[in-house]
Amino acid sequence: MDMNLKLKIWRQTNNKSEGHFEMYDVVANEHMSFLEMLDVLNEDLVNQRKQPVAFEHDCREGICGTCSLTINGQPHGPNAGTTACQLHMRFFKDGETITIEPFRAGAFPVVKDLVVDRSALDRVVQAGGFISVNAGQAQDGNAIPIEKERASQSFESAACIGCGACVAACPNGSAMLFTSAKVRHLGLLPQGEVEEEQRVQNMVAQMDKEGFGMCSNIGACEAECPKEIQLYNIAYMNRAYFKAVFSGEE
Amino acid sequence: MNWFIKFLSSSIGRKLIMSLTGLFLILFLTVHLIGNLQLFKDDGGQAFNVYAHFMTSNPLIKFIAYGNYFFILLHAFMGIYIASYNRKAKGQQPAVTNPNVRITWASKNMPILGGLILAFLLMHMGDFWLKMKLGNVNMVSYAGIEGEVKNLYERVAISFKELWVVIVYLVGLVALAFHLNHGFQSAFQTLGINHRKYTPLIKKLGLLYSLIVPIGFALMPIYYYFFR
C-alpha cells in the first residue's frame, strides 16, 4: 500500500552553519525500510535538481551501527531493539508527519544534514577497548574453554554496535552505556580480564575528555539501544572503576 | 595530580559523591521523621521540646548535624555543577521530546526537583532553625527536667496555622517524593549495585520510602492546620 507522508527534516550545510527544518512530501510503500523511504525522497530531490538529504547508512541489516537518525524524538525511531534501517514504514500511519533529526549530543557535531561525527566513540575505544596481546585467529578463541553462561554474558555486551543511540537518547549526552558495554564485554573474558584496571581507567578518562555528560541513571539509553544493552553494564563499569582506583596494582 | 583528587573529578567520582551524600540524606530524613513523630503526641509539646533540646545540645549529634549541613550543601552544589555540565554536554536539544514511556519524568527533572527542595529547605531552616539559633523562641520548663528548654513546639504550632506555610510544605514534599523515587534506586546503581537478586527489591523499597517519608512529613502541617 502506498503511503503519503510529510517529512520535517533537519538541513544543515556544515558544522559552521546554522541548521533548520524543511518540509518534504514523499510517497512511500509500507514494505520499505525507513532508509529506503529516504532513498525515494532523495531520488525525487535529485530529479528536481535539488540537494539530496545527507544521511549515513551502510549494511542496512541492523548490524553495522552506521544509521543515526532521530525519528520523532527517538534515536532509531519508535520500535524497541531496532535500528533505523530495520524500521519499516508499516509502523507509521498514512498522512503522518515524521520529524527527522540527527543524533543530538555536544560530542557529536553535525557534519551535514543528518550526518554527525561520532569519532569521539572511536577514540574512547582506542583508549582501551582492545586486548594488547595477539589473541590469534578465530579458531584460537576456542583454545581457552569459557563457561557458556560467562560467554553469553560477555556476548550480551559485545552486541553493542557503537551507533551512539545511547548518547543521543541521553538528556545528559552521556556515553556511559557505550563505554560500559565495551568494558564489560572484554572484562568478562579471560583474554580481556588481565587488562581491565588500565582499560576502565583509560576509557573513562577519554570519555570525560571528549566532553560526554555524566550519567544520572535516567535509563533513556537502555530504552533506546537497538541492541538492548542494559543499565547493569554501567553498574559493572562503576564497580570495575572503583576497584581499579582504590585497590588497583598501578 | 593526586590519585584521589583525580578520581573525585572524574565523571564516576562526581556521581559517587552524589550517591553517597544522597544516601546519607536518606538516612537523615528517616531519623528526622521518626523524631518529629513526637509532634503528634498530645502532651503540650513536652516530648518534642525535650527531644529538640537533646538533639541541639548533645556533642555527638551536633557533630553529625554539621556533617549533615555540609552534605546537603555538597549534594546541592555538586548537583548544580553536574546539571549545568550535562546541559552543555547535550548541546542542542532534540526538537521533539522523546515519547518513550520508559523514561520517567522524575529521572529527567532531578535538577529542577532538587532546586525546589533547596528553596523549600531555605524557608524551612529560616522558619525553625534560624529562629531557634537566634533565640527567637520562648523558653519553657518541665517538671523533672533541669533548667529551661526552648519551646520549639510552640513555634511549629504557630507556623503550621498559616495556610501559605502549609502549602509551601506540601509542594516541597511532593518535589521530595519524586526526587527520592528516582534518587533512592539511582544511588545504588551509581555504587555499582545492580543485580537481578537485589535491584527489584531496591526499586520497591525506593518507591515505598519515597511515599512513606514525604507523606509522614506532610501529615504534620495538615494535622496542625486542621486539628490543633
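General remarks:
- Condition check for A:S216: facing another protein chain (nearest Cβ under 7 Å) and among the polar types (S, T, N, Q): yes
- B:A119 surrounded by fewer than 17 Cβ atoms within 10 Å (Cβ to Cβ) and part of a helix (DSSP H, G or I): yes
- In segment A:99-117 there is no residue matching the filter, namely being aromatic (F, W, Y) and more than 14 Å from chain B (Cβ to nearest Cβ).
- Condition check for A:F130: of a type in the set (F, W, Y) and within 14 Å of chain B (Cβ to nearest Cβ): no
- Some residue of segment A:187-197 being more than 9 Å from chain B (Cβ to nearest Cβ), touching a residue at least 60 places away in the same chain (Cβ under 8 Å) and surrounded by 18 or more Cβ atoms within 10 Å (Cβ to Cβ): yes
- Every pair of residues 6+ apart whose Cβ atoms lie under 6 Å, when the first sits in segment B:184-208 and is facing another protein chain (nearest Cβ under 8 Å) while the second is of a type in the set (A, V, I, L, M, F, W, C) and part of a helix (DSSP H, G or I): B:Q185/B:I202; B:Q189/A:A235; B:G192/A:A235; B:N194/A:A235
- Tally of residues being touching a Phe, Trp or Tyr at 6+ places or on another chain (Cβ under 9 Å), among the small types (G, A, S) and within 14 Å of chain A (Cβ to nearest Cβ) across segment B:1-55: 5
- Residues in segment B:140-155 that are touching a Lys or Arg at 6+ places or on another chain (Cβ under 8 Å) and charged (D, E, K, R): B:R155 only.
- Residue list for segment A:19-71, restricted to those being at positive phi and either of a type in the set (S, T, Y) or surrounded by fewer than 19 Cβ atoms within 10 Å (Cβ to Cβ) (or both): A:R49, A:R60
- Entry remark, segment B:169-201: residues being surrounded by fewer than 19 Cβ atoms within 10 Å (Cβ to Cβ) and in a helix (DSSP H, G or I) number 6 in total.
- Candidates are the residues of segment B:196-228 that are at pLDDT below 95 and either among the basic types (K, R) or in contact with an Asp or Glu (Cβ under 7 Å, 6 or more places away or on another chain) (or both); the one that is nearest to B:R155 (Cα to Cα) is B:R228.
- Positions within segment A:131-156 being touching a Leu at 6+ places or on another chain (Cβ under 7 Å) and closer than 12 Å to A:L186 by Cα, in sequence order: A:I131, A:R150, A:Q153, A:S154
- Odd one out for A:E101 among (1) among the acidic types (D, E); (2) exposed (fewer than 14 other Cβ atoms within 10 Å of the Cβ); (3) under 16 Å from the mean Cα position of the chain (by Cα): (2)
The values are calculated or read from the model by the stated rules, or taken from the named source; none is laboratory data. Keep in mind the model is a prediction, meaning the values are calculated, not measured. All Cβ positions, glycine included, derive from the backbone under ideal geometry; neighbour counts span all protein chains shown.
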